[in-house]
Amino acid sequence: MKLILKGGRVIDPSQNIDTVMDILIEDGKISRMEKNISISEADSKDNIEIFDLKNKMITPGFIDMHTHLREPGFEYKETIRTGSEAAVVGGFTSIACMANTDPVNDNRSVTEFIHKQARLAAMANVYPIAAVSKGQDGKVLTEFGDLKDAGAVAFSDDGNPVTDSGLMRHALEYACSFDMPVISHCEDTGLSSGGLMNEGIISTQLGLPGIPGIAEDIMVIRDISLAGFTKTRVHIAHVSTAGSVQAVREAKSAGINVTAETAPHYFTLTDEALKEFSTNFKMYPPLRGSDDVEAIKKGLRDGAIDAIASDHAPHSPIEKDVEFEYAANGIIGLETSLALSLRLVHDGILTINQLVEKMSVNPANILKIKKGSLKTGSDADITVIDMNKIWTVDADKFRSKGRNCPFNDWEFKGKAVMTIVGGDVRYADSEL
């Protein structure tokens, strides 16, 4: 089956393309991109499908480099199938899943299991991120080479910081030998222990123990220092503070190989949202103050922050419908991440080209996967966006099993209306 996408605005920062043209897809690959691709006499309606995408944007498939699929072990929260379905509805053709499963993805068998389940789901591409340390306990490194051979694309103990600086140094050096990134969850537990939200005026008013921003900043600075000393690279996960943004910015200026991501909630919400004690606003890192939000936006605009990732963290009511103190951290994000990020474009903070870089091109480059481009011969992983589509969030209708969404009933402008993975249409809006 061939596909022709006609008349859409094609945006591909990897080739400096931003123009209206058609795309021909054959055998799961990008075959041609031209102003007007006509149907040859050899083609019939039986082996070609045409989509009129006038007034739509066509981009390289979006990549969420930080998501939690919960399988194996926590299938009541999410499965690889339901998470992959949520991904394609949200416009993501590829997702990278964190290692904090049960058992932890710290060995070949778990990595291979994730790949098998992803193939059976046949939705988004799924790239496993393996643990840095066995059991994510921060004591003994995993077998990086074996995990890479099994299909892991990065290493992270996300959910737990690697507190032992010596172990982190060895992890960076070990990963560098395989040209793979270490994704760092930056948290000084001596400063964050017992905290429930951002430390500040709001935490004082609510009488909740706080988590100071410095708990993140200190570990960001440590990992940057280690990367500089070892001449390796490090990726900073879910940046939430102004201090972290500035540390990454200065490190890049100094030539240190550091990249960073943030999540939509950190440039959309502040700790003011917790005044109603809704557990759907409880996450880690916690929502910060307005100055931090503005710093995140500035960091996205000037390139200090390279990528936007959802940090999709589904939980069941068992973990969320409890007292605030006992509720699990995390929110779902695969089906709202793009819409929240498009607000940056509508507000003039980012151009659409910059957004595509941060949600497709840069994640592909950081993870060293052959995605994020519409070059001829590349995999036909494509996201089609209607920038003007108005829609309202209804978490009860999400493909994800999770319902822990702080944006329920929010109205958005802009949505993915088609997601193509390997030349197959995995999601299409009913209007198409």
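Rule-based calculations on the coordinates, nothing more; no lab input. For clarity, every value in this text was computed on a predicted model and none was experimentally measured. As a convention, Cβ positions derive from the backbone with ideal geometry for all residues, glycine included, and neighbour counts pool all protein chains shown.
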Practice problem: Return the distance in nm (one decimal) between the two label points of a simple spin-label model at residue 6 and residue 20, each offset 7 Å from Cα along Cα→Cβ. | Solution: 1.4
Self-check item: In degrees, nearest ten, helix 165-177 long axis to first principal axis of the chain (Cα)
Solution: 20
Practice problem: Indicate the gyration tensor shape class of segment 352-421 (rounded, prolate or oblate), computed on the Cα atoms with a ≥ b ≥ c the square roots of the eigenvalues: a/c under 1.5 is rounded; otherwise a/b larger than b/c is prolate and the rest oblate. | Solution: prolate
Quiz item: Taking Rh as the Kirkwood radius, which is the inverse of the mean 1/r over Cα pairs, what is the Rg/Rh value for segment 275-367?
Solution: 1.02
Self-check item: Cα coordinate range in segment 85-235, projected on the principal axes (Å, largest first)
Solution: 49, 40, 26
Self-check item: Residues with amide H under 5 Å from that of residue 56, placed H, sequence gap 5 or more
Solution: 9
Quiz prompt | Dipole axis of the chain (+1 Lys, Arg; -1 Asp, Glu on Cβ), positive-most option in 37, 14, 131 | solution = 37
Quiz prompt | Cα lying deepest toward the dipole's positive end in segment 288-432, options 317, 359, 369, charges on Cβ | solution = 369
Self-check item: Whole-Hz couplings from phi, Karplus 6.51/-1.76/1.60, listed for segment 361-368; x for Gly and Pro
Solution: 5, 5, x, 4, 5, 5, 7, 6
Quiz item: Once amide H atoms are placed 1.01 Å from N in the peptide plane, what residues at a sequence separation of 5 or more from residue 372, or on another chain, have their amide H within under 5 Å of its amide H?
Solution: 61
Quiz item: FRET efficiency for residue 432 and residue 321, Cβ-Cβ distance as r, R0 = 30 Å, nearest 0.05?
Solution: 0.25
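Net charge near residue 299, counting Lys/Arg +1 and Asp/Glu -1 over other residues with Cβ under 15 Å of its Cβ?
After counting each charged neighbour, the total is -3.
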Quiz item: Ordered by residue, what ³J(HN,Hα) values in Hz, to whole numbers, does segment 192-202 give under the Karplus form 6.51 cos²θ - 1.76 cosθ + 1.60, where θ = phi - 60° and Gly and Pro are x?
Solution: 9, 3, x, x, 10, 7, 4, 7, x, 4, 5
Quiz item: What are the residues whose amide H is under 5 Å from the amide H of residue 426, where those residues sit 5 or more places off or on another chain and H is modelled from the backbone?
Solution: 419, 420, 421
Exercise. Could you tell me how many degrees, from 0 to 90 and to the nearest 10, lie between the Cα long axis of helix 337-346 and the main elongation axis, the longest principal axis, of the Cα atoms of the chain?
Key: 80
Exercise. Work out, step by step, the length gained on full extension between residue 409 and residue 173: first 0.36 nm times the residue separation, then minus their alpha carbon distance; give nm to one decimal.
Key: 80.3 nm
Self-check item: Pairs of Cα atoms farther than 40 Å apart, the chain, %
Solution: 14
Exercise. Compute log10 of I(q)/I(0) for segment 39-117 with the Debye formula, placing one identical point scatterer on every Cα and leaving out solvent, at q = 0.14, 0.17, 0.21, 0.22 Å⁻¹, to two decimals.
Key: -0.61, -0.74, -0.94, -1.00
Exercise. Specify the inter-centroid distance of segment 281-311 and segment 33-92, based on alpha-carbon positions, in whole Å.
Key: 27
Exercise. Could I have the simple spin-label model distance between residue 276 and residue 229, label points 7 Å from Cα toward Cβ, reported in nm to one decimal?
Key: 4.7
Quiz item: Any idea what the alpha-carbon Rg over 2.2 N^0.38 Å comes to for segment 19-85?
Solution: 1.67
Quiz item: Residue by residue through segment 286-295, which ³J(HN,Hα) values in whole Hz follow from phi under the Karplus form 6.51 cos²θ - 1.76 cosθ + 1.60 (θ = phi - 60°), with glycine and proline marked x?
Solution: x, 4, 9, x, 5, 5, 5, 4, 5, 5
